[in-house]
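In what follows, a structure is listed as structure tokens, so that the remarks can point back to it.
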Amino acid sequence: QVQLVESGGGLVQPGGSLRLSCAVSRRHFSINNLDWYRRAPGKQRELVAIISHEGSTNYADSVKGRFTISRDNDETAVYLQMNNLKPDDTAVYYCHADWAMVVAGRVQDYDSWGQGTQVTVSS
């Protein structure tokens, strides 16, 4: 099983920065991707950024150029550096992991979610 715990959220003024962290706990599992999602009140969940096992990254158009996803080399933590924050970035941010394990001799895909951390951008 993969367990995720986010931290680093808070209140910041427009144009400010925050760095979110997600501690990744796993044993004998393979991580396919580590992602950051966000959900604003009354809105659908949005994929913000993703980093693959190989290290490639992708971003939502709304955050590209402002946010950067990264991870420790051993995949024990994933980060989201958020710069030039806007009020529309206000949301609960969730760490997410796509992972796999062998069950009955076959590789099975699973995913895990963190509890989320609140980011509020307001003057």
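The values are calculated or read from the model by the stated rules, or taken from the named source; none is laboratory data. In this text, all values refer to a predicted model and were calculated from it rather than measured experimentally. Using ideal geometry, Cβ is built from the backbone for each residue, glycine included, and neighbour counts are taken over all protein chains shown. For accessibility, only protein heavy atoms count, side chains too; no ligands or nucleic acids. Shrake-Rupley method; radii C 1.70, N 1.55, O 1.52, S 1.80 Å.
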Counting only residues in segment 69-120 that are aliphatic (A, V, I, L, M) and surrounded by fewer than 20 Cβ atoms within 10 Å (Cβ to Cβ), the one modelled with the highest pLDDT is identified as Val92
Hey, could you check segment 37-48 for residues that are farther than 13 Å from Gln118 by Cα and not in a loop (DSSP other than H, G, I, E, B) and say which is least open to solvent (accessible area, probe 1.4 Å)?
-> Val48
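Go through the residues of segment 14-33 one by one and say whether even a single one is of a type in the set (D, E, K, R), farther than 11 Å from Tyr94 by Cα and at pLDDT below 95. Please lay out each step first, then the result.
Going through segment 14-33, the residues of a type in the set (D, E, K, R) turn out to be 19, 26-27.
Cutting the leftovers down to farther than 11 Å from Tyr94 by Cα gives us 19, 26-27.
Checking the rest, the ones that are also at pLDDT below 95 come to 26-27.
The answer is yes, given that some residue of segment 14-33 is of a type in the set (D, E, K, R), farther than 11 Å from Tyr94 by Cα and at pLDDT below 95.
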Subset of segment 49-68, residues in contact (Cβ under 8 Å) with a residue 12 or more places away in the chain, open to solvent by 40 Å² or more (accessible area, probe 1.4 Å), out of contact with any Phe, Trp or Tyr (no Cβ under 9 Å at 6 or more places or on another chain) and assigned to a strand (DSSP E or B), comes to Thr57
Output the residues belonging to segment 69-114 that are under 12 Å from Leu34 (Cα atoms), of a type outside the set (Val, Ile, Thr), touching a residue at least 40 places away in the same chain (Cβ under 8 Å) and not in a strand (DSSP E or B).
-> Glu75, Gly114
Subset of segment 8-33 (residues that are assigned to a strand (DSSP E or B), farther than 12 Å from Ala97 by Cβ, of a type outside the set (A, V, I, L, M) and open to solvent by 60 Å² or more (accessible area, probe 1.4 Å)) = Arg19
